[in-house]
Structure formats: structure tokens, C-alpha cells
2 protein chains.
Amino acid sequence: MRNKQTLESILKINYPILQGAMANISDSSLVSAVSEAGGLGILASGNMKPEEVREEIRKTKSKTSYPFGVNIIISNKFCDQIIDVLHEEKVDIVITGNGDPGKFFPKFNAWNMKVIPVVSSYMMAKRMEKLGAIAVIAEGMEAGGHIGSITTMCLLPNITKDISIPVIAAGGIASGYSMMAAFNLGAQGVQIGTRFLLAKECNIHTNYKKRVIDSNDFDSVVIKNMINKPIRSLRNKLTNLIGRLELEYLKNRSTSIEDIDLKTINALSNAVKNGDVQNGLVMAGQISAVLTKEETCKEIMCSILNEWNSCTEKTYSKYDLPQVGNT
Amino acid sequence: MRNKQTLESILKINYPILQGAMANISDSSLVSAVSEAGGLGILASGNMKPEEVREEIRKTKSKTSYPFGVNIIISNKFCDQIIDVLHEEKVDIVITGNGDPGKFFPKFNAWNMKVIPVVSSYMMAKRMEKLGAIAVIAEGMEAGGHIGSITTMCLLPNITKDISIPVIAAGGIASGYSMMAAFNLGAQGVQIGTRFLLAKECNIHTNYKKRVIDSNDFDSVVIKNMINKPIRSLRNKLTNLIGRLELEYLKNRSTSIEDIDLKTINALSNAVKNGDVQNGLVMAGQISAVLTKEETCKEIMCSILNEWNSCTEKTYSKYDLPQVGNT
């Protein structure tokens with residue numbers, strides 16, 4: 001039974017398009033621009049401390065009066081306090097990522113927070129619905145950053161067939177065509193990350209944007225797969241190095257998982273802030289291969305909605321069915 | 001510039017639905033049933049010898065007068081002779097898989113064969129178009145069996161944006177909804193493998209079908225990833241064993257790639273013929289998680305086309321665009 005309330009009415013937005021939260025990247029500038037353009041901007045609190053999150057929320061509010069959400073990372077040790085900050089600052093749309101948010105639901109529910117967990121499996125989606133999530137983001141393994149193993153094309157129909165809260169598709173979505181594809185698979189909204197890396201309001205280093213624009217479909221690699229902490233990123237010196245370290249870890253433990261982890265954590269900000277796209281980590285989704293240019297958030301939104309509208313105009317022929325049992 | 005000729009008219013079929021060729025599985029029984037239902041059945045020649053292929057073609061022709069295709073595996077040492085057999089037996093639709101068919105194109109073109117290569121990257125698709133392929137099957141890594149690394153959601157838009165021959169989507173497609181999704185992304189046809197495993201006319205062991213029906217989204221695993229020959233299959237004793245052997249190979253070469261390969265080749269037929277779904281290899285796509293029952297090919301086709309038709313009836317709202325430059 002599909003919930004009749006649309007995602008737009010639940011979140012008070014014009015278009016069912018969420019900007020994917022990207023740690024170190026989705027700041028007040030990008031978030032406010034997406035919300036101003038009618039989507040839902042999402043602040044990435046990443047590994048911030050509670051007061052840093054409060055500051056970024058206030059900055060965002062100074063730039064837009066439209067709704068926006070905040071992404072919290074379950075593995076952040078300040079997670080509980082950040083939730084308090086969201087409540088105090090009256091941000092009631094919470095996206096959870098990178099872990100199981102189960103233990104926080106009593107608080108979420110007591111404060112009527114609209115919680116939208118990112119899930120990468122059927123089981124997790126069902127569990128989140130039961131706990132009180134108002135929607136889930138079903139994220140396929142083609143997405144950038146930390147990923148699961150199931151693709152958007154397979155994850156979506158499996159979840160949407162059995163769940164009554166809205167399902168938002170993520171992973172591989174960058175156009176109105178793929179948004180329509182996701183809706184045909186039962187989604188009621190989409191989350192778009194990689195394309196917003198190329199927003200003019202996205203304050204990442206110009207080298208990072210150029211690397212995304214220049215990428216082809218072989219450049220999207222998954223690192224740390226061998227140690228079961230997969231991250232999708234663009235191929236460079238660092239991803240090659242990590243591949244070698246993983247092999248060494250498996251072969252003779254001459255390095256440790258902690259050492260490998262350390263290389264990736266600082267590396268993202270190295271690419272984002274310093275523009276070191278060879279030794280830094282250039283997180284991006286596999287769809288980066290189709291992206292070609294920088295645009296404003298409004299231009300991105302218009303382009304996606306124009307493509308969507310062209311899909312609604314296109315009329316596909318119906319088919320007469322083959323006769324069953326006539327052989 | 002999109003070719004105006006439809007896939008149906010090129011292949012002389014009623015519906016742009018191809019049955020995925022599955023070695024050891026897609027025999028005259030399944031192939032003729034799919035073609036009788038208005039799709040394109042595809043015989044899998046796998047590692048057969050030329051005269052075995054001839055016999056299976058003749059069997060298929062005795063069961064249907066509709067067109068069907070034959071899949072050839074480039075790594076089969078008899079590949080060249082099998083092409084001669086196809087020409088002699090007047091089968092002019094050739095699907096190529098598991099390798100680069102480049103060297104055979106002079107023959108294909110001289111004999112006016114309709115060649116449709118399975119591709120898993122943009123570069124391969126462009127190359128095949130140039131050589132004279134009449135269409136390509138763009139297969140995402142969610143497909144069963146031998147796979148590439150790019151998902152259907154990302155591979156399709158990247159290829160369809162730049163190619164003028166029809167693109168057939170494969171990997172994760174099992175319903176009319178996903179067929180419509182693929183068309184939204186620019187495909188003009190779909191190839192469906194895993195769902196046809198559950199066709200009543202598919203002569204695999206009942207244990208194999210049951211394993212597919214019982215699978216959930218965590219059961220889909222990729223083996224031989226660590227030795228760069230990835231195969232998607234359903235988790236069992238054998239896939240766990242191969243995972244351990246891969247690790248051993250990486251650690252200390254206490255086993256060889258050839259030994260690992262040997263375990264998978266015989267294992268498929270062990271599952272297909274003997275129903276040993278623990279020690280055999282149960283190749284299936286990730287979409288197996290949504291499949292629930294056995295049906296005839298006509299029932300499968302009707303179900304897909306009904307879902308397709310329901311998509312064409314559904315009218316999505318258009319969106320008014322945000323004003324650009326009004327901040």
C-alpha cells in the first residue's frame with residue numbers, strides 16, 4: 001500500500017530532488033542554493049563537532065528561508081549531541097548515513113523529527129520503516145563514497161514492492177531521464193550527489209571538478225573492497241596505492257586496516273581543499289562519466305526538470321499481449 | 001542521431017525483449033518458447049563444438065518458425081567454425097559475448113549477419129558500432145555470470161548519448177517497470193536472463209530454480225573479483241570456497257588461477273544438471289531477489305508487457321521550473 005502523501009508535501013519542497021550530503025563538501029553555500037532552487041539541500045555534518053554544526057546551520061539559514069536537512073554520520077562520536085543541536089536549531093529533517101541509527105529513534109520520535117535513513121539493503125529499509133522513518137533513501141552501489149553492494153536497478157524494485165513510506169532513489173541519478181527511470185521503479189524522489197559536485201555554489205577545488213568532468217567509465221573504482229569498507233572514488237595515485245596496501249594487508253599483514261583508513265580520511269579534504277587530485281581522494285559516483293560542465297544549482301535543477309518534463313510528453317506505444325496457451 | 005528503425009523491425013520480432021543467453025541453460029526448449037511468445041530467444045553455444053551447435057539449431061527450428069539468435073563465446077576455440085555453421089544453417093542473428101569479436105567482423109559483414117555484441121563499457125560500444133554491429137547489448141554488472149564493473153543505471157545513459165545503433169539494456173531487468181526505466185535511459189530493447197531461469201520451459205534442475213526463488217539481496221555475490229575474472233552467482237559453499245582460494249592465491253600462491261577457474265567451469269553444469277546448489281555454481285543476476293515463482297515463457301512475457309502498458313497509462317505531472325537568476 002503506497003502512502004498517498006507526496007514527498008514534496010512531507011518535506012515542504014517544490015521538487016522531489018534531494019542533494020546528496022557529501023562530507024567536507026555540502027556546506028551552507030551548496031545547501032542553501034539547492035533549497036533556493038526548490039530541492040532539498042542537505043548539510044553534511046560529517047565528523048564535525050556539535051558547535052560547528054550549529055554554526056553551519058545558522059549560516060545556511062542566513063542564506064535561505066526554505067527547508068533543508070542535515071545529514072548525521074552514525075559513526076561520529078558526537079552524533080547524539082548533534083541531534084540535540086538540530087532540535088535546538090529547529091532543523092527537523094534528519095538524514096542518517098554510515099551506520100545503523102536505531103538507537104536514536106526514541107529521541108527522533110519524541111521530537112517529531114523527520115528521519116530519512118540512507119539504506120543499501122531490503123532488510124535495513126524494512127527495519128527503518130518499522131522504527132518510524134518517514135522515508136528511506138535507497139542507495140545503489142554506483143553512488144560515490146561509502147557504498148553497499150546492490151545496484152540501484154535491483155535495490156529499488158526490491159524495496160518499493162514491500163514498503164509504504166516513500167522511497168528516494170540514489171546512486172547513478174544525474175538527469176531527469178534517470179529520475180523518471182527511478183520513478184518507474186517505484187521511487188517517489190531522487191537524491192543526487194555527484195552532479196552537484198559541479199554546481200558553481202559547490203566550494204570544492206577547481207581541480208576536483210575538472211577531474212570529475214574528465215572522468216570516463218573506467219575511472220570509477222571501489223577501494224577498500226578487500227577489507228569490507230568499500231568507498232567509490234576516481235582512480236588516481238592514491239587509489240592505486242590503497243589497492244596495493246590492501247593486497248599487502250591480505251598477504252602478510254605488513255600494514256593494518258587502521259593505517260589504510262587513515263590514508264582515506266585525510267585524503268578527501270586534501271582533494272577538496274588543496275586540489276590534490278592525485279594523492280587526495282576524489283569521491284564521486286560512477287555517473288561522473290556522463291557529466292561535462294559546471295552550472296549553477298538552478299541551472300542543474302532546470303535541466304533535470306526539463307528532461308523530466310520531456311519524458312512525460314513522450315508517449316510509448318502499448319503492446320498487444322501474446323496469446324497464452326495457444327501453442 | 002537515433003536510428004529510426006526499431007529493434008523489432010530489424011530483428012522481425014513482436015516485442016523488443018531478448019532472452020539472455022545462458023551457457024548450459026538456453027537450449028532449444030527455452031529459446032523456441034521465448035520466440036514463440038514474441039521475443040527473441042537466444043541459443044547459448046557456450047563451449048559446444050560446431051556440430052553440437054548445428055544440432056541444437058535444427059532442434060530449435062523444429063519447435064518454432066520465428067526468428068531466434070545464437071550467442072557465441074569468443075573464448076570458445078571453435079568460434080570461427082560455429083560462425084560457419086550459423087551461416088550454413090541460415091541463423092543470421094549473432095550475439096557475441098565474453099571477449100572481443102573484432103576479428104570476426106569481416107566474415108560477419110561479408111555474410112550480412114546481424115551482430116549484437118554484449119558490451120560492458122562505453123569504449124567497447126563505440127568500437128562495435130564502428131565495426132558494423134547492428135545493435136549492442138549494454139550489460140550492467142548486476143547481471144548474472146561474467147560481468148564488467150559498471151552498473152546498468154550508469155552504463156546506459158553513457159552509451160545511449162553517443163551511439164546511433166539501438167542499445168539493448170541488460171542487467172537488473174526483470175519487469176515491464178524496469179524495461180520502461182531502461183527506455184527512459186535511452187534503450188530500445190531489453191535483454192532478460194535471470195527471470196527466464198524460472199520459465200517452465202527452462203530445463204534446469206528444480207533445486208536451481210528454488211535457490212533463485214529463495215534468494216535475497218545479500219545472496220548475490222561476485223566471485224573471482226580478486227583475480228579479475230568476476231562472475232556473479234548466488235552465495236553457497238562453492239562461492240565461499242572460491243573466496244577462500246582467491247585469498248590464498250593472493251597471500252602465498254598456494255593455489256593457481258587455473259585451479260580456481262576449473263572449479264567454476266564444471267560447477268555450473270553441476271548445479272544445472274545435478275541440482276547441487278551447494279557445491280555447484282548457481283549463476284543468477286542480482287535481481288533474483290525479487291523473483292518469486294515459475295511461469296511459462298508466455299506468462300512471463302504477458303506479465304512484463306502488462307507492466308509496460310501500465311507505465312504508459314500512468315501520467316506523471318510536469319513541473320514548473322525554478323526561475324533562473326532571480327536571487
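The values are calculated or read from the model by the stated rules, or taken from the named source; none is laboratory data. Here the structure is a predicted model, which is why all the values come from computation and not from measurement. Counting neighbours? That spans all protein chains shown, and the Cβs are built from the backbone with ideal geometry, glycine included. When the accessible area is computed, the model is the full protein with side chains, heavy atoms only, and any ligands, DNA or RNA have been set aside. Shrake-Rupley method; radii C 1.70, N 1.55, O 1.52, S 1.80 Å.
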Checklist entry - Dividing the alpha-carbon radius of gyration of segment B:177-290 by 2.2 N^0.38 Å (N being the number of residues), what value is obtained? => result 1.19
Checklist entry - Just how large is the dipole of chain A about the Cα centre, in debye to the nearest 20, putting +1 at every Lys and Arg Cβ and -1 at every Asp and Glu Cβ? => result 240
Next on the checklist: Given a Förster distance of 45 Å, report the FRET efficiency between A:Glu55 and B:Thr315 from their Cβ-Cβ distance, rounded to the nearest 0.05.
Outcome noted: 0.50
Next on the checklist: At 7 Å along Cα-to-Cβ for each site, give me the label-to-label distance between A:Gln323 and A:Glu89 in nm.
Outcome noted: 6.8
Next on the checklist: Using a loss threshold of 40 Å², tell me which positions in segment A:208-225 are less accessible in the complex than in their chain alone. Probe radius 1.4 Å, ligands and nucleic acids ignored.
Outcome noted: A:Asp217, A:Phe218
Next on the checklist: Taking the full set of protein chains and a 1.4 angstrom probe, give the accessible area of B:Leu131 in square angstrom, rounded to the nearest 10.
Outcome noted: 50
Checklist entry - Residues of segment B:239-278 with amide nitrogen under 17 Å from the 7 Å Cα-to-Cβ point of A:Leu247? => result B:246-258
Next on the checklist: Using only protein heavy atoms and a 1.4 Å probe, how much accessible area in total is buried between B and A, to the nearest 100 Å²?
Outcome noted: 5600
Next on the checklist: For a 26 Å ceiling on Cα separation, which of these pairs sit above it: B:Lys77/B:Lys298; A:Lys63/A:Lys114; B:Lys107/B:Lys161; A:Lys59/A:Lys114?
Outcome noted: B:Lys77/B:Lys298; B:Lys107/B:Lys161
Item to check | Chain lengthening between A:Lys229 and A:Asn112 when straightened (0.36 nm per residue, less Cα-Cα) | outcome: 38.9 nm
Checklist entry - Accessible area drop of at least 10 Å² (1.4 Å probe, protein heavy atoms): which residues of segment A:157-183 qualify, relative to the chain alone? => result A:Pro157, A:Asn158, A:Lys161, A:Gly172, A:Tyr177, A:Ser178, A:Met180, A:Ala181, A:Phe183
Checklist entry - Among the DSSP beta bridges whose two residues both lie in the protein assembly as shown, what percent are antiparallel, rounded to the nearest 5? => result 20
Checklist entry - Where the accessible area of chain A is counted over protein heavy atoms with a 1.4 Å probe, how much of it, in %, is carbon and sulfur? => result 49
Checklist entry - In nm, one decimal, shortest first: how far is the label point of A:Thr315 (7 Å from Cα along Cα to beta carbon) from the matching points in the other copies? => result 1.1
Checklist entry - In whole Å, how far is the Cα centre of segment A:143-180 from that of segment B:1-67? => result 32
Next on the checklist: Quick check: net charge around A:Ile257, other residues with Cβ under 13 Å of its Cβ, Lys/Arg +1 and Asp/Glu -1?
Outcome noted: -1
Checklist outcome for this item: Copies of A:Asp100 compared via label points 7 Å along Cα→Cβ give distances in nm, shortest first, of 4.7
Next on the checklist: Taking A:Lys237 in one copy and the same position in all the others, each labelled 7 Å out along Cα→Cβ, what are the pairwise distances from the first, in nm, shortest first?
Outcome noted: 5.0
Item to check | Rounded accessible area per residue of segment B:241-290, 1.4 Å, Å² | outcome: 45
Item to check | Beta bridge orientation in chain B: antiparallel %, DSSP, nearest 5 | outcome: 20
Checklist entry - Using the Cα gyration tensor of the protein assembly as shown, with a ≥ b ≥ c the square roots of its eigenvalues, what is the shape: rounded (a/c below 1.5), prolate (a/b larger than b/c) or oblate (neither)? => result prolate
Item to check | Cα-derived Rg to Rh of segment B:64-201, Kirkwood definition | outcome: 0.96
Next on the checklist: Let me check the size of chain A from its C-alpha atoms; what are the radius of gyration and Dmax in Å?
Outcome noted: 19.9, 72
Next on the checklist: Can you compute the label reach from A:Asp259? Point 7 Å from Cα along the Cβ direction, backbone N cut-off under 17 Å, restricted to segment B:247-282.
Outcome noted: B:251
Item to check | Max mean-square fluctuation residue, GNM over chain B, Cα-Cα springs under 10 Å, options B:Thr206, B:Thr60, B:Thr152 | outcome: B:Thr206
Item to check | Anisotropy class of segment A:216-274 from Cα gyration tensor, a/c 1.5 cut | outcome: oblate
Checklist entry - Setting aside same-chain residues fewer than 8 positions from A:Lys251, which aspartates and glutamates have a Cα under 12 Å from its Cα? => result B:Glu246, B:Glu248
Item to check | Summed side-chain charge close to A:Asn279 - residues other than A:Asn279 whose Cβ falls under 11 Å, Lys, Arg +1, Asp, Glu -1 | outcome: +1
Checklist entry - How much length is gained if the chain between B:Lys103 and B:Thr206 is pulled fully straight, taking 0.36 nm per residue apart and subtracting their Cα-Cα distance, in nm to one decimal? => result 33.1 nm
Checklist entry - With every protein chain present, what is the per residue accessible area of segment A:1-59 (1.4 Å probe, Å²)? => result 40
Item to check | Under 10 Å, Cβ to Cβ, from A:Leu305 - net charge with Lys/Arg +1 and Asp/Glu -1 | outcome: -1
